[in-house]
Structure formats: structure tokens, C-alpha cells
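> Have a look at this one before I ask anything.
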Amino acid sequence: RKEVEQDPGPFNVPEGATVAFNCTYSNSASQSFFWYRQDCRKEPKLLMSVYSSGNEDGRFTAQLNRASQYISLLIRDSKLSDSATYLCVVLGGSARQLTFGSGTQLTVLP
Amino acid sequence: EPEVTQTPSHQVTQMGQEVILRCVPISNHLYFYWYRQILGQKVEFLVSFYNNEISEKSEIFDDQFSVERPDGSNFTLKIRSTKLEDSAMYFCASGGQGSNEQFFGPGTRLTVL
């Protein structure tokens, strides 16, 4: 089983749509969870940390279910500038090593 | 806003040559990392560094790799004898005390011919 598994995508959605990404992780000792976005041939940029109670940052909402080892990201009212690859990232148990999923590509269409 | 910087942006080298990739982490950060991303693949952890020593390294980080913090601002990754399969984007990241968040530099694209 892959350590961090994401929807493969790609997702092509019209501007203004709501889109949801899902992710599962295999290491139950994982401590921290993040969503990063990565534009083509650029570095991963931290989008948001994911907290157990769920958290929202503007149009972005992240949820964590530790029992199911499941993380989600919801993007509301999507913009053209949201087009990117979204990376589900998990911090491992004993070290501050980030484990990345393969990413889900999103294209927002005009 | 403070950011991680990396040089060079692109390095081309011949197989068997040594390369040094340089990073300047965010100034008050204490944790430093190297990751790599082979084209079309996911980002992979190489090594973490704290308090002037390696905290953890992955299987990829073999004897050909080394890291150093030669002064108060730079953090370097050296590959002693490059192989074709070392061609990848190398990202440096740093993190502060009291937070698990890591911030990435723009990367160095290494091409081994």
C-alpha cells in the first residue's frame, strides 16, 4: 500500500465550481498533515495545514479523519489561478520527514 | 516575506563529476531538509539536518551524498560522483522551532549527462 495515496485526477472544472480532493495515508503514527500546491516545474508551496477539527482558509476547507486515515481538501468558487497540482503531505512519526502523495492535477477552465 | 533561496537554478554536469547545490534557509529556522523530485514523479525526502547534524536520511541518501552547514546561513548538498539517475529537481526546505511546517526553495534542476 502506498504511504500517501491521492485521487489520480486530472480534474477539469469550470470557473466557480466546487472541487474536492481526497487522500489516504498508511502510517497511523503520522503527526501532522498538509496540503501543498505545486505549479508546473516549481517548488511545492504550503497551502494549509490540516487540523483534527477541520479548518478553513477563505475558499479552502481541509478535513482530517484520523480513524479512517483520510484527509480532504475542498475548494469553493474555483478560480483560474487555482490550476495546479495539489499534493497531500504527511509528517512521519519520529522525524520531521514529509511524505508526499503523487498529487492531483486541477485545471480550472474559463 | 522571508523565503528559502537556492543556487544555481540549473546545473548540468557530466556523469562521475561532483556537484554542490546551495541553499540559504529562512534566517530564524533551525531545521533544514533536502528533497528531490525526478521529472513526472513525486517529491521524495533525502535528509533532515538539525543542530549541525543529520537527524534522518532516506535510502536514497547513500555514501555519495553529504550535507553541510558551512556557516550561519548556507546549507549545501554535495553529490560526490553523479550518476545519470541523479538527474532531478532538488529542493531545499527549512522549518522553524515549534512548527512542523516546511517551506521550500525554488529548486535546482540537476541534469547529469
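The values are calculated or read from the model by the stated rules, or taken from the named source; none is laboratory data. Quick caveat: nothing in here was measured; it's all calculated off a predicted structure. Note that we place each Cβ from the backbone using ideal geometry, even for glycine, and neighbour counts take in every protein chain shown. SASA here: full protein model, heavy atoms, side chains in, ligands and nucleic acids out. Shrake-Rupley method; radii C 1.70, N 1.55, O 1.52, S 1.80 Å.
> Determine which single condition A:Ala17 fails, assuming it passes every other condition in (1) part of a strand (DSSP E or B); (2) farther than 18 Å from B:Gly95 by Cα; (3) of a type in the set (A, V, I, L, M, F, W, C); (4) in contact (Cβ under 8 Å) with a residue 40 or more places away in the chain.
Answer for A:Ala17: the failing condition is (1).
> Right, here's the next one. Determine which single condition B:Leu30 fails, assuming it passes every other condition in (1) farther than 23 Å from A:Thr85 by Cβ; (2) at pLDDT 95 or above; (3) of a type in the set (A, V, I, L, M, F, W, C).
Among (1) farther than 23 Å from A:Thr85 by Cβ; (2) at pLDDT 95 or above; (3) of a type in the set (A, V, I, L, M, F, W, C), the lone unmet condition for B:Leu30 is (2).
> Surrounded by fewer than 18 Cβ atoms within 10 Å (Cβ to Cβ), more than 14 Å from chain B (Cβ to nearest Cβ) and among the acidic types (Asp, Glu): does that describe A:Glu3?
Against the criterion (surrounded by fewer than 18 Cβ atoms within 10 Å (Cβ to Cβ), more than 14 Å from chain B (Cβ to nearest Cβ) and among the acidic types (Asp, Glu)), A:Glu3 does not qualify.
> Hey, A:Phe33 hits all of (1) in a loop (DSSP other than H, G, I, E, B); (2) surrounded by 18 or more Cβ atoms within 10 Å (Cβ to Cβ); (3) out of contact with any Pro (no Cβ under 9 Å at 6 or more places or on another chain) but one; which does it fall short on?
Of (1) in a loop (DSSP other than H, G, I, E, B); (2) surrounded by 18 or more Cβ atoms within 10 Å (Cβ to Cβ); (3) out of contact with any Pro (no Cβ under 9 Å at 6 or more places or on another chain), only one is false for A:Phe33: (1).
> Working only within the stretch B:94-113, note down all residues that are open to solvent by 60 Å² or more (accessible area, probe 1.4 Å) and under 14 Å from B:Tyr31 (Cα atoms).
B:Gln97, B:Gly98, B:Phe103
> Let me ask you something else. Which residues, counting only those in the stretch B:29-66, are in contact with a Phe, Trp or Tyr (Cβ under 9 Å, 6 or more places away or on another chain), part of a strand (DSSP E or B) and under 17 Å from B:Ala88 (Cα atoms)?
If the condition is that a residue be in contact with a Phe, Trp or Tyr (Cβ under 9 Å, 6 or more places away or on another chain), part of a strand (DSSP E or B) and under 17 Å from B:Ala88 (Cα atoms), then B:Tyr33, B:Trp34, B:Tyr35, B:Arg36, B:Gln37, B:Val43, B:Glu44, B:Phe45, B:Leu46, B:Val47, B:Phe65 are the ones that fit.
> Just to be sure I understand, how many residues within the stretch B:10-51 are open to solvent by 90 Å² or more (accessible area, probe 1.4 Å) and not aliphatic (A, V, I, L, M)?
Within the stretch B:10-51, residues that are open to solvent by 90 Å² or more (accessible area, probe 1.4 Å) and not aliphatic (A, V, I, L, M) number 9.
> For A:Ala17, all conditions in the list (1) open to solvent by less than 30 Å² (accessible area, probe 1.4 Å); (2) within 12 Å of another protein chain (Cβ to nearest Cβ); (3) over 14 Å from the mean Cα position of the chain (by Cα) hold save one; what is the number of the exception?
(2)
> Where in the stretch A:40-110 are there strands (runs of 3 or more DSSP E), lying wholly inside it, with at least 2 residues that are charged (D, E, K, R) and without any contact (Cβ under 8 Å) to a residue 40 or more places away in the chain?
Here the list reads A:55-57.
> While we're on this one: Applying the selection to the stretch B:79-113, what residues are β-branched (Val, Ile, Thr) and in contact with a Ser or Thr (Cβ under 6 Å, 6 or more places away or on another chain)?
Hits for the stretch B:79-113 are B:Thr82, B:Thr111, B:Val112.
> Report, by residue number, each residue of the stretch A:92-110 that is crowded, with 20+ Cβ neighbours inside 10 Å, within 13 Å of the chain's Cα centre (by Cα) and within 12 Å of another protein chain (Cβ to nearest Cβ).
A:Thr99, A:Phe100, A:Gly101, A:Gly103, A:Thr104
> When the residues of the stretch B:78-93 are filtered to those that are within 11 Å of chain A (Cβ to nearest Cβ) and either buried (at least 22 other Cβ atoms within 10 Å of the Cβ) or among the β-branched types (Val, Ile, Thr) (or both), which remaining residue is farthest from B:Ile38 (Cα to Cα)?
Of everything passing the filter in the stretch B:78-93, B:Ala93 is farthest from B:Ile38 (Cα to Cα).
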